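Asker: Mind looking over this structure? Questions follow.
The values are calculated or read from the model by the stated rules, or taken from the named source; none is laboratory data. All values reported here derive from a predicted model rather than from experimental measurement. Backbone-built Cβ (ideal geometry, glycine too); neighbour counts: all protein chains shown. Surface areas here come from the heavy atoms of the whole protein model, side chains and all, with no ligands, DNA or RNA. Shrake-Rupley method; radii C 1.70, N 1.55, O 1.52, S 1.80 Å.
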Amino acid sequence: AANLNRDISILQKSTEPDYLLRASMGNKFVLGESGDWEAGFSLGGQYQQQWRFTRQTTAAVGQPDEINGVADESTRNINMFGTLNLGLSFTDEHEISTTSLWLRNTDDETEIFDFFNENRLAGDGLKFRQTRLEWEERELVTNQIRGTHRLGANTKERLPFLNALGFIPEDAEVSWFYSQSEADTNIPNRVQIVSDLFLDENGEIIDQRLSPGSTSADFRFTELEDEVENYGYDFMVPFEFGSNYVEVTAGAQHARKARLYRQTEFQMGYGTESPDATFRGELGDLFSDERLFDTIPNPDPNVGVPGSEIFVNQFEFNRQGADTNSYLAATMTDAAYGAIDWTIADTWRIAAGARWEDYRQASVPWNPYGFTLGEPQVNADFESPPESGNITPEGLAEIESWYFQEDKVYPSVGLTYMGSLWADTFQLRLGYSETAVRPDLREITAASYIDPITGFLTRGNADVRPADVENIDLRAEWFFANSDLFSITIFDKQISGPIEFFETLGSDTTIAREIENAEAASIQGVEVEWLKELGFLGKWAEPFFLQGNFTYQWDREIVIGANAPAVSCEPRDADGNALAGDCVLSGASEYVFNFTLGFDSLDSKHTLSLVYNTFSERLFAYGLPGRADAFEQPFNSLDINYFFYPTDRMTFQIRAQNLLQDTIKIKRGDITTFEEDPGTNIGVRFIWGF
């Protein structure tokens with residue numbers, strides 16, 4: 001306990017303005033006298049600091065006036081990144097390039113959460129205060145190499161032996177890539193202290209002290225290591241005959257993700273028999289060395305060693321948390337694909353293909369404190385490969401608890417008509433495709449995590465499986481000579497086994513969710529997109545334009561099914577079977593609207609955009625039977641962006657966000673159970689190139 005960071009007093013101070021520094025440079029060089037070879041590089045970097053303050057309010061559905069809370073959080077965020085790009089080309093037909101990227105992001109958070117819960121109501125004259133100090137650092141390193149090669153006339157002229165491949169068209173192209181990434185997330189210090197607040201008759205705080213007990217202070221340490229590897233190649237061969245142009249493409253890809261997640265948690269506190277002074281003072285003093293080792297000479301010769309010192313306080317220290325909080329998880333996908341793209345007389349286009357994917361996922365709980373055969377670090381039978389044909393039913397059940405594999409073929413086909421109906425260019429496209437939505441690594445484990453936006457406790461599930469999606473859409477597009485465009489798309493999506501969040505038993509102040517596969521879902525709707533210049537209103541309006549899109553989804557239904565928990569929106573019979581009911585797919589709004597009024601000056605020195613976004617309410621979480629569903633309320637966003645270009649090498653920008661000062665709300669019925677005020681941000685940026 002004495003080795004933990006206990007310098008945790010909170011200070012109040014004014015924050016510094018946000019600032020961002022960014023620089024980049026690059027060049028290209030011609031190698032040799034022939035000029036066939038060229039090499040180039042670009043190098044860039046950035047340092048950014050920003051402060052953010054948010055206020056969240058919560059309330060219980062049944063007793064919003066008695067069980068509620070307010071959380072104030074300040075965050076200092078620092079972002080740094082560096083990039084290095086190298087390139088080498090031979091004529092205009094061969095190119096090899098590399099990209100290296102380094103990112104580092106840190107958050108220094110301080111939160112004070114004052115709340116009443118089911119054990120301490122607003123009318124009791126007592127309130128809880130939860131103080132949280134957290135430092136989180138994230139780092140990503142990515143390296144990629146890729147190449148493109150075309151056996152064109154320049155290559156064959158310089159490499160005559162390739163003329164033997166004259167049957168391959170000159171526009172044939174081969175491309176390949178390999179990338180490897182490592183990401184680390186560490187929370188080397190997360191401290192959470194629970195205090196008791198004493199209130200007067202007006203609800204004002206008159207006294208504060210540390211809550212007694214062994215769980216008043218929580219110290220948590222988190223380590224996350226991710227490794228991602230991807231590589232693949234494909235080739236394209238074009239054919240042209242008559243008024244037909246055909247491209248045949250084929251290739252293969254491999255993707256692998258692996259994660260190690262380790263969480264360690266300690267709790268400490270003082271027993272109720274400790275002196276009252278032990279529980280009072282600044283946070284940094286509550287667990288100081290003087291408090292931890294508060295001793296007096298032994299007054300009782302019959303206890304211990306006469307004349308020795310004994311502890312005045314009843315200090316307790318324990319390792320907390322289930323051993324399943326840490327885990328190992330991985331996914332791997334091997335794919336092969338082929339496609340044909342056939343254009344007939346620049347009027348009809350047929351694109352068809354198929355993609356075969358072999359997908360595997362595995363996750364096992366990891367107990368980093370297991371050191372015996374009876375309590376191992378990993379308890380899974382890895383010696384029996386899943387492909388073995390002689391696995392017993394018991395062994396198969398054990399394997400299925402941590403391993404899942406499937407391979408499928410996902411087809412796609414599209415038919416496009418190209419003409420000049422009502423516009424200079426008109427396209428009408430009918431498309432069908434099948435794909436899969438797969439869970440994230442943290443979703444295929446039994447571990448829990450805190451949602452970073454709402455603070456809700458979210459539990460993963462080792463039994464969650466990928467969802468299959470069938471898409472069909474009909475899209476019409478009109479492109480006009482003055483850059484105007486208009487498009488309308490009608491779409492239908494059928495989802496088998498959608499991955500959803502369901503509420504589970506928690507408490508009035510702790511909302512818990514778990515991840516499960518529902519049975520099926522369907523989405524049907526229409527999307528309209530447009531860009532219209534306003535010059536037709538007169539010369540004064542030539543710099544102005546309107547741009548936006550509107551999506552309306554008249555069908556957003558989901559069938560929960562028997563495997564998922566019972567929810568309030570879907571009735572069930574006595575045997576637990578789902579009956580016909582009207583459940584809405586989570587995260588899907590009935591409508592989404594994005595609108596931009598833009599201005600581009602005729603001298604190209606000024607641009608101004610007024611951007612408005614909104615959406616209708618959408619389901620956030622299904623409620624338990626008898627408990628209302630949680631819906632995220634519309635958020636009306638209005639932003640302004642202005643750019644001034646005094647010279648070709650200078651840019652001046654002003655940005656203002658959330659001018660309407662709207663808040664993020666989640667409601668259950670008429671009760672607002674969660675609200676966050678993101679505030680209004682105004683920023684200035686200057687860019688100088690040379």
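Asker: Would you check if residue 673 is under 29 Å from residue 557 (Cβ atoms), outside any loop (DSSP other than H, G, I, E, B), modelled with pLDDT of 95 or more and open to solvent by less than 40 Å² (accessible area, probe 1.4 Å)? Break it down stepwise before answering.
Answerer: On the way: under 29 Å from residue 557 (Cβ atoms): yes; outside any loop (DSSP other than H, G, I, E, B): yes; modelled with pLDDT of 95 or more: no; open to solvent by less than 40 Å² (accessible area, probe 1.4 Å): yes.
No: the conditions fail for residue 673.
Asker: Starting from the stretch 608-632, take each residue that is on the phi < 0 side of the Ramachandran plot and of a type in the set (Lys, Arg) and list its partners that are open to solvent by less than 20 Å² (accessible area, probe 1.4 Å) and outside any strand (DSSP E or B), counting only C-beta distances under 8 angstrom and pairs at least six apart or across chains.
Answerer: Listed pairs, sorted by first residue: 618/588; 618/589.
Asker: Return a yes/no flag: does the stretch 287-300 have any residue that is part of a strand (DSSP E or B), of a type in the set (Phe, Trp, Tyr) and at pLDDT 80 or above.
Answerer: Taking the stretch 287-300 first, the residues part of a strand (DSSP E or B) are 295-297.
Filter once more, so that each one left must be of a type in the set (Phe, Trp, Tyr): none.
The answer is no; no qualifying residue exists.
Asker: Let me ask something else. Can you find, within the stretch 335-346, the residue that is farthest from residue 406 (Cα to Cα) among those that are in a strand (DSSP E or B) and open to solvent by 40 Å² or more (accessible area, probe 1.4 Å)? Give the derivation first.
Answerer: In the first step, residues of the stretch 335-346 are kept if they are in a strand (DSSP E or B); the result is 335-344.
Now drop any that are not open to solvent by 40 Å² or more (accessible area, probe 1.4 Å), which leaves 336-337, 339-340, 342, 344.
On the way: 336: 15, 337: 17, 339: 22, 340: 26, 342: 32, 344: 38 Å.
In this case the residue turns out to be 344.
Asker: Moving to a separate point now. Taking residue 434 as the residue in question, decide whether it is at pLDDT 85 or above and farther than 30 Å from residue 353 by Cα.
Answerer: Details: at pLDDT 85 or above: yes; farther than 30 Å from residue 353 by Cα: no.
No, not satisfied.
Asker: Against the condition small (Gly, Ala, Ser), surrounded by 13 or more Cβ atoms within 10 Å (Cβ to Cβ), in a strand (DSSP E or B) and under 32 Å from the mean Cα position of the chain (by Cα), how does residue 74 come out, does it pass? Show your work before the answer.
Answerer: Details: small (Gly, Ala, Ser): yes; surrounded by 13 or more Cβ atoms within 10 Å (Cβ to Cβ): yes; in a strand (DSSP E or B): yes; under 32 Å from the mean Cα position of the chain (by Cα): yes.
Against the criterion (small (Gly, Ala, Ser), surrounded by 13 or more Cβ atoms within 10 Å (Cβ to Cβ), in a strand (DSSP E or B) and under 32 Å from the mean Cα position of the chain (by Cα)), residue 74 qualifies.
Asker: Continuing with this model, one more query. Taking residue 496, is it open to solvent by less than 30 Å² (accessible area, probe 1.4 Å) and at negative phi?
Answerer: Taking the combined requirement at face value, the residue does not satisfy it.
Asker: Mind telling me which of the residues 69, 82, 87 ends up being buried (at least 18 other Cβ atoms within 10 Å of the Cβ) and either touching a residue at least 40 places away in the same chain (Cβ under 8 Å) or part of a strand (DSSP E or B) (or both)? Reasoning before the result, please.
Answerer: On the way: 82 fails: buried (at least 18 other Cβ atoms within 10 Å of the Cβ); 87 fails: buried (at least 18 other Cβ atoms within 10 Å of the Cβ).
Just one listed residue meets the conditions, 69.
Asker: In addition: Please return the ranges of strands (runs of 3 or more DSSP E) entirely within the stretch 169-286 where 3 or more residues are open to solvent by less than 40 Å² (accessible area, probe 1.4 Å), modelled with pLDDT of 90 or more and out of contact with any Cys (no Cβ under 8 Å at 6 or more places or on another chain).
Answerer: Values: elements: 173-199, 205-210, 213-241, 244-270.
Fully inside the stretch 169-286 and qualifying: 173-199, 213-241, 244-270.
Asker: Hey, another quick one. Hey, residue 662 hits all of (1) surrounded by fewer than 16 Cβ atoms within 10 Å (Cβ to Cβ); (2) not in a strand (DSSP E or B) but one; which does it fall short on?
Answerer: That leaves (1) as the condition not met.
Asker: When only residues in the stretch 13-23 that are hydroxyl-bearing (Ser, Thr, Tyr) and open to solvent by less than 100 Å² (accessible area, probe 1.4 Å) count, which is modelled with the lowest pLDDT?
Answerer: To start, the set of residues in the stretch 13-23 that are hydroxyl-bearing (Ser, Thr, Tyr) comprises 14-15, 19.
With open to solvent by less than 100 Å² (accessible area, probe 1.4 Å) added as a condition, the list becomes 15, 19.
Numbers: 15: 84, 19: 88.
The extreme case among them is 15.
Asker: Against the condition without any contact (Cβ under 8 Å) to a residue 24 or more places away in the chain, open to solvent by 80 Å² or more (accessible area, probe 1.4 Å), acidic (Asp, Glu) and out of contact with any helix residue (DSSP H, G or I) (no Cβ under 6 Å at 6 or more places or on another chain), how does residue 33 come out, does it pass? Step through it out loud before you land on a result.
Answerer: Details: without any contact (Cβ under 8 Å) to a residue 24 or more places away in the chain: yes; open to solvent by 80 Å² or more (accessible area, probe 1.4 Å): yes; acidic (Asp, Glu): yes; out of contact with any helix residue (DSSP H, G or I) (no Cβ under 6 Å at 6 or more places or on another chain): yes.
Yes: the conditions hold for residue 33.
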